[in-house]
């Protein structure tokens, strides 16, 4: 495992898992939200975004967390491992509410500078509909990626993520 992408709904814990894995494995972590969003929640130009990703995927090892469906295939082609946090909607909604309270008016460590934590109806709706609208297409892509030789972990609970981390920790000791 040298190049890992972690995907899943907002509030699933992608960034937390990425940080833990990065520390345990000694691998650089790239939070896609930090790279994509500019101060004031301004989006990075699409051409610049793909240039950034092109540079990152050429590195020898990395962990990237974030969805960004428009770049999923590029990242999946470059990685050797995909971790999909496919948690229940209630878990993810709780996750976004919890981080809103913890980081109220502050920037999360996995978010770009000038982008304080916020919680708006559009984001809540996206998280609430993720399992029904986004996840089915991701599951289909995961089948294809697995056939292409990628190691795929489709985790459905936080406990499964903890178990995976424990297994990988044992390997890296």
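Every number here is computed from the coordinates shown, using simple stated rules; none is lab data. As the structure is a prediction and not an experimental result, all values here were calculated from the model. Using ideal geometry, Cβ is built from the backbone for each residue, glycine included, and neighbour counts are taken over all protein chains shown.
Among 154, 31, 104, sorting on how many other beta-carbon atoms sit within 10 Å of each Cβ, with the fewest leading, yields 104, 154, 31. Between 20, 125, 106, the residue with the greatest mean-square fluctuation in the GNM of the chain (Cα pairs under 10 Å linked by springs) is 125.
One chain, two ends: residue 131 and residue 102. Fully extended at 0.36 nm per residue, the span grows by 8.0 nm beyond their Cα-Cα distance. Of all DSSP-defined beta bridges confined to the stretch 3-172, some 10% are antiparallel rather than parallel. Sorting 21-28, 54-61, 92-99 by average packing, meaning the other beta carbons within 10 Å per residue, from highest down gives 92-99, 21-28, 54-61. Dividing the mean sequence gap of close Cα pairs (under 8 Å, 6+ apart) by how many residues the stretch 3-172 holds gives a relative contact order of 33 percent.
When percent of Cα pairs over 22 Å apart is calculated for this entry, the matching label among (i) 43; (ii) 49; (iii) 59 is (i). Exposure proxy for 14, 42: other Cβ atoms within 10 Å of each Cβ, ordered fewest to most, give 42, 14. Counted residue by residue at 0.36 nm each, then reduced by the alpha carbon distance between them, the extension gain from residue 172 to residue 123 reaches 14.0 nm.
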